[in-house]
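Everything below concerns the one structure shown next.
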Amino acid sequence: MESEWPDYVYFDDQGEVGSGEAVTSTYALNFAYDDGDGHWRVDAVLDASMGDEALDRLDGQQEGEDAPETLEDPSLPEPPELLSEESPEGALAASEYWLEVLDYTAATGDESALNSFEHSEGSVLGSIFEGFLEAHAEGGDVSLLAESSLEDIEVYMDIADSDDNLAVVHGLLDEGGWVISDASGATVAVDEGLQGELSNLIFSFDDAAGQWLVVDMAPGDVGELEEFLGIEFGEPDLSRR
């Protein structure tokens, strides 16, 4: 099916703090009929962007040789030295570190790296990890299918009308993908994550922390983000293609 998440506004206890535009995604739902409950239950959520091959991920519900190959849990990532440098190279290092934090937090349920790296205005990022953290809290497990990566990168720091020391790192995002299991070891979902999606990672250099902190993630090309924020980025300060 194809599903559209409509335009939205989100709030904290002080009022409105942000908004987002509609996002369309394609995915497959696999259902299993539960005789005990007498109704259908969602058995797996699958990325359908690759077509019928998405259904092959249902093999993740098997054990032994039929189970999907996953990676060992990553170790706690070390913040890179360039994270404390207010430069395009520092912002690029922040984006690479963010991908390590993304994979580590999802796979282990340990929020320590995320908590020390997330900007105070970036609490919306918590929604990214909600399902993963819930699985860990309930005694389940999350395994990585691959490491997350960002390609065709552009770093923008010359952002007009901004006093927040912002940097936008733009590129094609491949999330690692995850196999989520419950406490019994049964596969709950196989999620490929975003694959080859234009994405923008937004960072702010925090003088008090002395380093870059992650603020938000936004889909789409640079022009869409400029229009949404109502500002201009200028030319990229660094490109890696």
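The values are calculated or read from the model by the stated rules, or taken from the named source; none is laboratory data. A quick note: this is a predicted structure, and the numbers were derived from the prediction, not measured. All Cβ positions, glycine included, derive from the backbone under ideal geometry; neighbour counts span all protein chains shown. Accessible surface areas use protein heavy atoms only, side chains included; no ligands, DNA or RNA. Shrake-Rupley method; radii C 1.70, N 1.55, O 1.52, S 1.80 Å.
Across segment 156-178, which residue is modelled with the lowest pLDDT among those that are among the aliphatic types (A, V, I, L, M) and crowded, with 22+ Cβ neighbours inside 10 Å? I'd like the intermediate steps shown before the answer.
Residues of segment 156-178 that are among the aliphatic types (A, V, I, L, M), as a first pass: 157, 159-160, 166-169, 172-173.
Adding the requirement that they be crowded, with 22+ Cβ neighbours inside 10 Å leaves 157, 167-169, 173.
On the way: MET157: 89, ALA167: 93, VAL168: 94, VAL169: 97, LEU173: 96.
Restricting to residues being among the aliphatic types (A, V, I, L, M) and crowded, with 22+ Cβ neighbours inside 10 Å, the top hit is MET157.
For segment 105-132, how many residues are out of contact with any Asp or Glu (no Cβ under 7 Å at 6 or more places or on another chain) and closer than 21 Å to ALA189 by Cα?
Going through segment 105-132 one residue at a time, the tally reaches 10.
Quick one: what pairs do we get from segment 223-237, first residue over 11 Å from VAL168 (Cβ atoms), second open to solvent by less than 80 Å² (accessible area, probe 1.4 Å) and not β-branched (Val, Ile, Thr), C-beta under 6 Å, 6+ apart or different chains?
So the pair list comes out as GLU232/ALA160; GLU232/GLU226.
Restricting to segment 206-239, name every residue that is among the small types (Gly, Ala, Ser) and within 27 Å of PRO79 (Cβ to Cβ). Please lay out each step first, then the result.
The first filter runs over segment 206-239 and keeps only residues among the small types (Gly, Ala, Ser), leaving 208-210, 218, 220, 223, 230, 234, 239.
Scanning segment 206-239 gives ALA208, ALA209, GLY210, ALA218, SER239.
Output the residue which, of all residues in segment 1-26 that are at pLDDT below 80 and in contact with an Asp or Glu (Cβ under 6 Å, 6 or more places away or on another chain), is nearest to ASP216 (Cα to Cα).
GLU21
Tell me, which helices (runs of 4 or more DSSP H) wholly within segment 81-142 include 3 or more residues that are open to solvent by less than 10 Å² (accessible area, probe 1.4 Å) and of a type in the set (A, V, I, L, M, F, W, C)? Outline the logic, then answer.
On the way: elements: 88-108, 112-117, 126-137.
Because the criterion is at least 3 residues that are open to solvent by less than 10 Å² (accessible area, probe 1.4 Å) and of a type in the set (A, V, I, L, M, F, W, C), the helices (runs of 4 or more DSSP H) in segment 81-142 that meet it are 88-108, 112-117.
What is the residue count in segment 217-241 for residues that are part of a strand (DSSP E or B) and open to solvent by 40 Å² or more (accessible area, probe 1.4 Å)? Break it down into steps so the answer makes sense when it comes.
Of the residues in segment 217-241, the ones part of a strand (DSSP E or B) are 217-219, 238-240.
With open to solvent by 40 Å² or more (accessible area, probe 1.4 Å) added as a condition, the list becomes 217, 219, 239-240.
Qualifying residue count for the region: 4.
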